[in-house]
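The values are calculated or read from the model by the stated rules, or taken from the named source; none is laboratory data. All figures in this text were calculated on a predicted structure; none of them were measured in a lab. All Cβ positions, even for glycine, are placed from backbone atoms using ideal geometry, and neighbour counts span all protein chains on display.
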Amino acid sequence: CLHSYSGNAELNALQGYHDLQDLSVGNRVTAQGLSVLKTFPNLKRMSFWEEPKLLKGIGLKNLAECSNLEELDLPCFAPGSDYTPLLKMKKLKEISIAFNKDSISTIANLRHLEKLRLQVNSNDVTSKELALMLSQLKSSKQLKLLGIRIGSLTNPPVVSAEVIEEISKMKSLEVLYLPEIQSQDFGKIGRLENLRRLSIRSTHSQRKKPVDYDIAQLKDLEKIEELNINYKFSQSGLKVLEQFSNLKFLNLSYSKEREGKEDFVVTDEDLRLYVSTLHNLEYLSLIGQPEVTDQGIIYLTHLTKLDDWSFKNTDKISSKGIQAFREKRAQMKKLNQQK
């Protein structure tokens, strides 16, 4: 596997490398620079680790010369890009691609495609257009829509009730990244039983009604591994965490400025009852939580997979408490290794 070739000169130096199967390129590769791809007959997987500024038009035509490519992670191109050259890629099975008015017809005609991940720039589509395009994807039985990432919030918001309704029908969905949605639409996400990663980002926009999510509505998401919801949600909803045995990433951060109201506050007892049961947890954020103390984090020391955490701006967690937390975790890990 070769990767991280950021410019044309580096990429051109590989010309004729017949054994190349994996390639990742950066933002200094131009459309003309991709002409070297036709000399890699066995290339099967390709991605862009930064968004190339000049990659459109002829760049997509050069990319399409990779006739044996099976997996492709495309950057977001400028509006007006022609995606039809991708139709030449008869072996393409998996793609991550911008979802807009330019790409929708091409996506629908990639007949051999099995797995799809969509990136949506809110400035490229309206909510009605997005809902309609999502509804058109349901016609393919072999295609699994695995991920949807919707970018920055627009006004009016692109993530309308109609959009969430269409997303909730995508039963194969595993990854969902959204900007703010309305409280009454939140429960529809609970229909996505294969969802593994859910992120709803705070935008601090001006809104008539505060957003307040009831995470108890997610009780059927038994496969969930990442839960990152930067909004207030009901205290009683925390109990649902007991059902998320696969959870690896949990964000329970607090903001004093959110809505001008009292935000969701986590207590030591909440950590003991609900978070300490998450034995697969690898990351936990308690940023800004005002009531969690040294005792609260001590309840988590038996979570031996918890190797990354953020306790910033937590007034009641002391440096001594964090040191004790680290020491007890080290002891628990040592005991587990001896067993």
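Looking only at segment 325-338, decide whether some residue is within 26 Å of Leu195 (Cα to Cα), surrounded by fewer than 17 Cβ atoms within 10 Å (Cβ to Cβ) and not acidic (Asp, Glu).
No: zero hits.
Can you confirm whether Ile189 is out of contact with any Cys (no Cβ under 9 Å at 6 or more places or on another chain), of a type in the set (Val, Ile, Thr) and at pLDDT 95 or above?
yes
So which residues in segment 274-308 are surrounded by fewer than 20 Cβ atoms within 10 Å (Cβ to Cβ), among the hydrophobic types (A, V, I, L, M, F, W, C) and closer than 19 Å to Met332 by Cβ?
Passing the criteria: only Ile298.
Does segment 69-97 hold any residues that are assigned to a strand (DSSP E or B) and surrounded by fewer than 19 Cβ atoms within 10 Å (Cβ to Cβ), and which are they?
The answer is Glu71, Asp73, Glu94.
Just checking, how many residues over segment 83-130 are in contact with a strand residue (DSSP E or B) (Cβ under 6 Å, 6 or more places away or on another chain) and among the acidic types (Asp, Glu)?
Counting residues in segment 83-130 that are in contact with a strand residue (DSSP E or B) (Cβ under 6 Å, 6 or more places away or on another chain) and among the acidic types (Asp, Glu) gives 1.
Looking only at segment 156-195, which residues are acidic (Asp, Glu) and assigned to a helix (DSSP H, G or I)?
Glu162, Glu165, Glu166, Asp185
Of the numbered conditions (1) over 18 Å from Asn251 (Cβ atoms); (2) at pLDDT 95 or above, Leu284 fails exactly one; give the number of that condition.
(1)
If you check Ser6, Ser96, which single one turns out to be of a type in the set (S, T, N, Q), within 27 Å of Arg149 (Cβ to Cβ), out of contact with any Pro (no Cβ under 7 Å at 6 or more places or on another chain) and modelled with pLDDT under 85?
Result: Ser6 is the single residue among Ser6, Ser96 that is of a type in the set (S, T, N, Q), within 27 Å of Arg149 (Cβ to Cβ), out of contact with any Pro (no Cβ under 7 Å at 6 or more places or on another chain) and modelled with pLDDT under 85.
Any idea which of Ile181, Ile150, Ile224, Ile167 is at pLDDT below 95, surrounded by 17 or more Cβ atoms within 10 Å (Cβ to Cβ) and under 15 Å from the mean Cα position of the chain (by Cα)?
Unique residue meeting the criteria: Ile150.
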